Protein chains: 2
Amino acid sequence: MNIKKGRLFGVGTGPGDPELVTRKAWRIVSEVSVVAYPAPDSGDSFSRQIMADAIRPDAIEVPIVIPMVSGRAPAQAIYDAAAETLLDHLNAGRDVAVLCEGDPLFYGSFMYLLARLRDEVEVEMIAGVSSLVASASAALRPLAARMDVLTVLAAPLDNDRLRDAMAASESVVIIKLGRHLDRLRGLIADLGLMDHAIYISHASLPHQQVMPLKDAPIDAPYFSMILIYKGSDPWIA
Amino acid sequence: MNIKKGRLFGVGTGPGDPELVTRKAWRIVSEVSVVAYPAPDSGDSFSRQIMADAIRPDAIEVPIVIPMVSGRAPAQAIYDAAAETLLDHLNAGRDVAVLCEGDPLFYGSFMYLLARLRDEVEVEMIAGVSSLVASASAALRPLAARMDVLTVLAAPLDNDRLRDAMAASESVVIIKLGRHLDRLRGLIADLGLMDHAIYISHASLPHQQVMPLKDAPIDAPYFSMILIYKGSDPWIA
């Protein structure tokens, strides 16, 4: 007898507030029998915390633990193993939801599982509220309007590349701040953009912080970003 | 006697599927007594359609009709008048939700009302699933990974600016296609990027279309975009 394969869902859980989860993500997670999520070496998984009240008590949970080490080889082996575990469940007919903070395809790790499983099973994506738009909402500022060029940059990029992109865009979002915040601040000041730069951490969560970049802490948490908006006259229709 | 002013909510309704609305947006819209939304000259408002099942039967509805004309002066007068109408409701103590397709601050018109009302009343933003991430989900493709530079461009920009930004980014999203699609296609072919370019229209809706850009129709609908991904090895962890 052939068992009908389960379906794989890539589920965006949004930026942190469980109410910023889509109705579809909430429904799917409350229906599936297997829930996987990225997890730290120790401590709670953020995306699991967001969805805690949706997960069925009898669901099988699959934490995917990515150790905080540099280099790609360990991560590849972990995603290989996780894909195999999930494929076993899918082949046994179980639907699987993989939880992803924000949106699964916006700098998320879901794509590594997608690459390994998309030819094996049916995959459905459930887009989520990205940290990008959540941060603009937290700051009450436009992300982009009209013909603005909007560029998303990762803080570890080198100064030349960051500088060129900032010069060429009306709106810039800088992610992955961490220990790069101080260098970024110098660069942004040199470009005369400090008055346009806002720092946001933990958008949508109770401990959310929004402040001018010049007042931001030296050590930025992982869930923080800088918005720079120099678009012309964003406030006039 | 002083009446407590109502609160103003900027509500992202997501890309089109009513299930891709956040739980918070659904709740707020089902609670408020005034619901405003952009509407075309004739026909239905898209964001109202998405939220139809959440709006209270006794809600006061305020369509904001933006005629399809060029120039900013008519739009300014319309937003001035709409802000005044909403302010009357807010001053009378009524909570007001303004519906916005996708996310309210990602190329949305909500910022024109925000600019006019933010000093008058308490404003709360409810971020939404943007068309940006919904299109990547529809295409089952990464929007960006790792250190990728992601740039969002409006199709009416001139060729030089589009060309420079495409050269400088691993991932490019082009919005506001309309009658510019044919020119864009030529430009993308000249840059040798045609094999990386996907056309998506009406992401998340039943009539969603996803295809290689080379097969896309000549006339692109308003709700369509192009994704170009040339990031290195997106599929390997």
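Coordinate-derived values only; no laboratory data. These numbers were taken from a predicted model, which means no experiment stands behind them. Positions of Cβ are backbone-derived with ideal geometry, glycine not excepted, and every protein chain shown enters the neighbour counts.
Structure values in brief
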{"quantity": "The stretch B:86-117-the stretch A:164-226 distance, computed between alpha-carbon centres (Å)", "calculated": "27"}
{"quantity": "Partner chain coverage, peptide B:131-141 - average Cβ within 10 angstrom", "calculated": "6"}
{"quantity": "Estimated FRET transfer efficiency (B:Asn2, A:Arg183; beta-carbon r; R0 45 Å; 0.05)", "calculated": "0.35"}
{"quantity": "Degrees, to the nearest 10: A:181-190 long Cα axis against longest axis of chain A", "calculated": "40"}
{"quantity": "The stretch B:131-229 - Kirkwood radius from inverse mean 1/r over Cα pairs (Å)", "calculated": "13.2"}
{"quantity": "Nearest-0.05 FRET efficiency for A:Ala168 and B:Glu19, computed from C-beta distance (R0 41 Å)", "calculated": "0.65"}
{"quantity": "Of A:Lys230/B:Lys4; A:Lys176/A:Lys230; A:Lys230/B:Lys176, pairs whose Cα-Cα distance is over 25 Å", "calculated": "A:Lys230/B:Lys4"}
{"quantity": "Percentage of interatomic Cα-Cα distances in chain B larger than 27 Å", "calculated": "41"}
{"quantity": "Of all DSSP beta bridges in chain B, antiparallel share, percent nearest 5", "calculated": "40"}
{"quantity": "Charge tally in the Cβ shell below 14 Å around B:Arg7, where Lys, Arg are +1 and Asp, Glu are -1, B:Arg7 excluded", "calculated": "+1"}
{"quantity": "Inter-copy spacing of A:Asp53 label points, which lie 7 Å from Cα along Cα→Cβ, given in nm from shortest upward", "calculated": "2.1"}
{"quantity": "Note, ³J(HN,Hα) from phi for the stretch B:159-170, Karplus 6.51, -1.76, 1.60, rounded to Hz, x at Gly and Pro", "calculated": "4, 4, 5, 4, 5, 4, 5, 5, 5, 8, 10, 6"}
{"quantity": "Calculated FRET value between B:Asp158 and B:Asp190, using beta carbons and R₀ = 22 Å, to 0.05", "calculated": "0.90"}
{"quantity": "Computed [θ] at 222 nm, deg cm²/dmol, the protein assembly as shown (DSSP H ≥ 4; -39,500 (n - 2.57); rounded to nearest 500)", "calculated": "-8500 deg cm²/dmol"}
{"quantity": "Copy-to-copy label separations for A:Asn91, where each label sits 7 Å from Cα toward Cβ, in nm and ascending", "calculated": "7.0"}
{"quantity": "Distant-in-sequence amide H partners of B:Ala36 (H built 1.01 Å from N, under 5 Å)", "calculated": "B:Val62, B:Ala97, B:Val98, B:Leu99"}
{"quantity": "Cβ neighbours within 10 Å from other chains - mean over B:21-33", "calculated": "3"}
{"quantity": "Exercise: per-residue mean of other protein chain Cβ atoms within 10 Å, A:97-110", "calculated": "4"}
{"quantity": "Overall dimensions of the protein assembly as shown by Cα: Rg and Dmax, Å", "calculated": "21.9, 75"}
{"quantity": "Mean shadow area of the stretch A:85-172, taken as a quarter of the surface of its Cα convex hull (nm²)", "calculated": "8.1"}
{"quantity": "Formal net charge of residues neighbouring B:Leu132 (Cβ-Cβ distance under 13 Å; K, R +1; D, E -1)", "calculated": "-1"}
{"quantity": "The stretch B:8-126: projected area of the alpha-carbon convex hull, averaged over directions, in nm²", "calculated": "7.0"}
